[in-house]
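Reading through the structure tokens given below for one structure.
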There are 2 protein chains.
Amino acid sequence: MPGTVEDVDAPSASDVLRRCRELVRPALVDAVGRLHPWTGEMAAYALGWSDTAGTLEPGGSEGKGVRQALAVLGAEAVGADAACAVPGAVAVELVHTFSLLHDDVMDADALRRRRPAVWKAYGTGPAVLAGDALLARAVTGLAGTPGDHAAAAVRRLCDALNDLVAGQAEDLRFEHRPWDGPGAVGPEEYRSMAEGKTGALLGCALALGAVLGGAPEPTVAALDRAGRHLGLAFQAVDDILGIWGDPATTGKPVHADLHRGKKTHPVLAALAGGSRAARELGTLLASSRPTDAAAERVASLVEEAGGRAATRGEARRHLDAARYALRATPLTRTAARELDVLFAGLADRVM
Amino acid sequence: MPGTVEDVDAPSASDVLRRCRELVRPALVDAVGRLHPWTGEMAAYALGWSDTAGTLEPGGSEGKGVRQALAVLGAEAVGADAACAVPGAVAVELVHTFSLLHDDVMDADALRRRRPAVWKAYGTGPAVLAGDALLARAVTGLAGTPGDHAAAAVRRLCDALNDLVAGQAEDLRFEHRPWDGPGAVGPEEYRSMAEGKTGALLGCALALGAVLGGAPEPTVAALDRAGRHLGLAFQAVDDILGIWGDPATTGKPVHADLHRGKKTHPVLAALAGGSRAARELGTLLASSRPTDAAAERVASLVEEAGGRAATRGEARRHLDAARYALRATPLTRTAARELDVLFAGLADRVM
């Protein structure tokens, strides 16, 4: 049928992201402008808006803004005006930036989006402070949302924050756990860590849009679930890129996760396989943290033992679950399609 | 008149603090128990409940709990039941603990209440994480308060949080400012820093009790003002102890603030005096960060130039202003008297 919505060319994932960034930007700029000038400068650097001299870097190192887009689409998907989602979009973007700042301190990650991490550029103490300022500003802005939904939105954001911090705690604790034996990290523990660390805020972003749009609880819960599955897919993709990603694209050193002894899905899945490669991998990992040459060998063994394929499957399963959660929920057609495009685009990075 | 309230023996400040701690403790224990076990262990250590092995240290290094007491008394002062203040008391105590954890990281303070700071005992990354967990839990608990006052309470806490973080930012920036000349820290800048860093949360504690107790806005504002003045008195006292305090009592190294080049009230006031001692002090401070012997001399010059007396005067003025703010507000008699006892007791440490 000519003229129906289906015939219109669907926008690409990057079109959707750009539209949402443009919608949210004034409020995000306003929120950062309310910070103390010094923490504001660090926040602008972290958001990729400026360099360490405070000079504008238009669009240079800006993130994709996935979380703010999810908040906007969450509202549109429940038939509300995109504008009502903006306080939620700002809050999740600020919380995400807070978590990047503090995680880079905790993980001693020196690079973020191909630039020195905030703690490298400004010092550890200032980076901690800037993260605190972003977190405080995120909750403040959301708590000040006009209308009847501020309280429910704040409770949602707080729940996600607790999950996020608990997920980061798990991830750090995993580094001290053995690769093998009774103390090893099981698949359920890994899943719970990844859902907290990555899924909670993505779920919250979608859910906040719906909450601010006045959606009923079952719809909000379904969107939260979709976002959490997306987060698990996202984390699986990230784990693959952390081993096999091109440093020019990821902005991180090659084999970064292997050098840190991080318990990522590909390695855990490879070890669980029980093949000859898995046994050799176990021995190699038990001996010490890999040198550059050994990291190369670890990466090969993980692949040979099926770790990469298993993680690709994990990403695919969670992406399917996320899309299913969307399709099983009554949502407006255009937003549902844009969400689908966005979801697929995010997982497509390695598939 | 025999038999009136005035004739009953007033409790001491430590009686008041103990009563409030006992009232709040179950909810505080519950809040810490909801944290991830690892961040919960660090939180229990930071609260002085346990040592680094997680073994209980009953009462050993616990703080006085000034902020939780102010929240409880804030509710009682407006005629409400103390129980309604408990979510506020827990929130301010958790936020205070969060700020101690992160401030110790930023200031590289190795000792807190005569024990290794959390970052010294557990590492910088874990201390940052535990602070984040406490902050998230503080807002979550308050946002979940039953009744009609949760949203207003969350907004109050958020405002205080922003002030707290901005005050800490100012304090850190001051360390890079010159002692003298056009770039020197002026009295109004110092006051604004101290009000944010110390006054905002004390004011918020009192105000939260009143908000949760259903008090009208003018009463809430008066209590907030009283708490902010108390904070400024408190900071002045702290500045005096940071130079002349007995390490056995303060739990910090002697002349700690002088070695760090901190811009504290006694030094700034001494320099502003213009006496011969002030000029010698200026020269000595401009040369380099003081050695042990030079710190001794700096302390003498600050005293000779009137810095200690000026700061004692500052503490007294803000304490008077705090008590005046209380007396000018209609409050229940018993709570008002307990607040007065508490205020006096806190400033009495150096007067």
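The values are calculated or read from the model by the stated rules, or taken from the named source; none is laboratory data. Here the structure is a predicted model, which is why all the values come from computation and not from measurement. FYI the Cβ positions are ideal-geometry reconstructions off the backbone, even for glycines, and counts take in every protein chain you see.
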query = Filtering region B:137-149 down to residues that are facing another protein chain (nearest Cβ under 7 Å) and touching a residue at least 12 places away in the same chain (Cβ under 8 Å), which residue is nearest to B:Val105 (Cα to Cα)?
reply = B:Arg137
ask   = Exactly one of (1) part of a loop (DSSP other than H, G, I, E, B); (2) among the small types (Gly, Ala, Ser); (3) surrounded by 24 or more Cβ atoms within 10 Å (Cβ to Cβ) is unmet by A:Gly214. Its number?
value = (3)
request  = Give the residues of region B:321-343 that are acidic (Asp, Glu) and either in a loop (DSSP other than H, G, I, E, B) or surrounded by 18 or more Cβ atoms within 10 Å (Cβ to Cβ) (or both), sorted by residue number.
outcome  = B:Glu338
ask   = When you look at B:Glu93, is it modelled with pLDDT of 95 or more, assigned to a helix (DSSP H, G or I) and under 17 Å from the mean Cα position of the chain (by Cα), yes or no?
value = yes
ask   = Got at least one residue in region B:222-243 being crowded, with 24+ Cβ neighbours inside 10 Å and not in a helix (DSSP H, G or I)?
value = no
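Every residue, every condition in (1) surrounded by fewer than 21 Cβ atoms within 10 Å (Cβ to Cβ); (2) closer than 24 Å to B:Thr219 by Cα; (3) without any contact (Cβ under 8 Å) to a residue 60 or more places away in the chain; (4) within 14 Å of chain A (Cβ to nearest Cβ), yes or no:
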{"site": "B:Pro26", "(1), (2), (3), (4)": "yes, no, yes, no"}
{"site": "B:Thr52", "(1), (2), (3), (4)": "yes, no, no, no"}
{"site": "B:Glu76", "(1), (2), (3), (4)": "no, yes, no, no"}
{"site": "B:Leu101", "(1), (2), (3), (4)": "no, no, yes, yes"}
inquiry  = Tell me yes or no: at least one residue of region A:190-201 is of a type in the set (A, V, I, L, M, F, W, C), away from chain B (no Cβ under 14 Å) and touching a helix residue (DSSP H, G or I) at 6+ places or on another chain (Cβ under 6 Å).
reply    = yes
note = If we keep only residues of region B:245-289 that are surrounded by fewer than 16 Cβ atoms within 10 Å (Cβ to Cβ) and β-branched (Val, Ile, Thr), then the residue farthest from B:Thr311 (Cα to Cα) is B:Thr283
key: Which listed residue, of A:Ser14, A:Ser99, A:Ser61, is assigned to a helix (DSSP H, G or I) and at pLDDT below 95   = A:Ser14
ask   = Looking at region B:153-166, is at least one residue within 14 Å of another protein chain (Cβ to nearest Cβ) and not in a helix (DSSP H, G or I)?
value = no
request  = Give the number of residues within region A:245-280 that are of a type in the set (Lys, Arg) and within 24 Å of the chain's Cα centre (by Cα).
outcome  = 4
query = Which members of region A:117-136 meet the condition of being more than 9 Å from every other protein chain (Cβ to nearest Cβ), in contact (Cβ under 8 Å) with a residue 60 or more places away in the chain and surrounded by fewer than 22 Cβ atoms within 10 Å (Cβ to Cβ)?
reply = A:Ala121, A:Tyr122
key: Residue check for A:Glu175: among the acidic types (Asp, Glu), free of Cβ contacts under 8 Å to residues at least 12 places away in the same chain and surrounded by fewer than 18 Cβ atoms within 10 Å (Cβ to Cβ)   = no
key: Inter-residue pairs, beta-carbon under 9 Å, first farther than 24 Å from B:Asp15 by Cβ and in contact (Cβ under 8 Å) with a residue 24 or more places away in the chain and in region B:310-336, second outside any helix (DSSP H, G or I) and β-branched (Val, Ile, Thr), 6+ apart   = B:Thr311/B:Thr264; B:Pro330/B:Val78
query = Going through region B:210-264 one residue at a time, which ones are more than 16 Å from B:Arg191 (Cβ to Cβ), at pLDDT 95 or above and small (Gly, Ala, Ser)?
reply = B:Ala210, B:Gly213, B:Gly214, B:Ala215, B:Ala221, B:Ala222, B:Ala226
